[in-house]
1. I'm trying to understand the selection: among the residues of region 116-147, which are farther than 20 Å from PRO78 by Cα, among the small types (Gly, Ala, Ser) and in a helix (DSSP H, G or I)?
2. List the pairs whose first member sits in region 119-133 and is aliphatic (A, V, I, L, M), whose second member is in a loop (DSSP other than H, G, I, E, B) and at pLDDT 90 or above, and whose Cβ atoms are under 8 Å apart, counting only residues at least 6 apart or on separate chains?
3. Where residues in region 162-207 are within 11 Å of VAL66 (Cβ to Cβ) and hydroxyl-bearing (Ser, Thr, Tyr), which of them is nearest to the ligand (Cβ to nearest atom)?
4. Please tell me if LEU115 is within 16 Å of the ligand (Cβ to nearest atom) and touching a helix residue (DSSP H, G or I) at 6+ places or on another chain (Cβ under 6 Å).
5. Which members of region 40-65 meet the condition of being within 16 Å of the ligand (Cβ to nearest atom) and assigned to a helix (DSSP H, G or I)?
6. Among all residue pairs at least 6 apart or on different chains, which show Cβ distances below 7 Å where the first residue, located in region 46-59, is over 14 Å from ALA205 (Cβ atoms) and the second is within 8 Å of the ligand (Cβ to nearest atom) and not in a helix (DSSP H, G or I)?
7. Taking GLN88 as meeting all but one of (1) surrounded by fewer than 19 Cβ atoms within 10 Å (Cβ to Cβ); (2) in contact with a strand residue (DSSP E or B) (Cβ under 8 Å, 6 or more places away or on another chain); (3) not β-branched (Val, Ile, Thr), write down the number of the exception.
8. If I ask for residues that are in a loop (DSSP other than H, G, I, E, B), acidic (Asp, Glu) and closer than 14 Å to ILE147 by Cα, which ones from region 79-115 would you list?
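The values are calculated or read from the model by the stated rules, or taken from the named source; none is laboratory data. Please read these numbers as outputs of a predicted model, since none were measured by experiment. Here Cβ is always computed from backbone atoms with ideal geometry, including for glycine, and neighbour counts include all displayed protein chains.
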Amino acid sequence: MELVTGLRLPRTSVTARRNRGLPARARLATFRAVEIEPDTKDWTWVLRRPCAECGFDAREIAFVEVPGLVRENAAAWPPVLERPDAVQRSRPDRWSPLEYACHVRDVFRLFDTRLGMMLATDGVRFPNWDQDETAVTDRYGEQDPSIVAVELVAAGDAIAASFAAVTDDQLGRRGIRSDGAEFTIETFARYFVHDPVHHLWDVGAAG
Ligand SMILES: [Zn+2]
């Protein structure tokens, strides 16, 4: 599944509870082994109700607002990446600001590609994208924050321009995700824009 990740800690909390009685060294060993819990939640509910965490309500967003929202969001990330602790995870099972930024940059790129696919072929099927696997294989935590800042803003500009170029008669074109979830360009845009907004909230930089 995809979008909005690094939020939950069930695997960690169970492990932490189990190891509460262990000596400090044993607890530390467990602590180091913690990984980000893969996100398997279907986030398409964001089209039907407000997000209880970041407060974003996709139902209130008009398609024409999406390019502006994307550019505004992208502009908020470089200061986050300049934080001295941008590379540090506040909890071992939660992405660092740098890792969130890498994810947002890649979401901008991925959704721009998918938008192009929908414009080229009505009813196109998207290949699966495993965001958690990408974070590991692309070594998000080791990327250079100053480069990621430039790439994120450029990717945000690119997808904002792509959405701005969509004409009214193209809004109903469809795309289908590998799990069967179906979008029109209009719902795809409103679904997509929650993700960077939510992650800005994750790193404490929203609004
Ligand atoms: Zn949210």
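1. GLY116, ALA120
2. So the pair list comes out as LEU119/VAL166; LEU119/ARG173.
3. Selected residue: TYR191.
4. Against the criterion (within 16 Å of the ligand (Cβ to nearest atom) and touching a helix residue (DSSP H, G or I) at 6+ places or on another chain (Cβ under 6 Å)), LEU115 does not qualify.
5. Those that are within 16 Å of the ligand (Cβ to nearest atom) and assigned to a helix (DSSP H, G or I): TRP43, THR44, TRP45, VAL46, LEU47, ALA58, ARG59, GLU60.
6. PRO50/PHE56
7. (2) is the only condition that GLN88 fails.
8. GLU82
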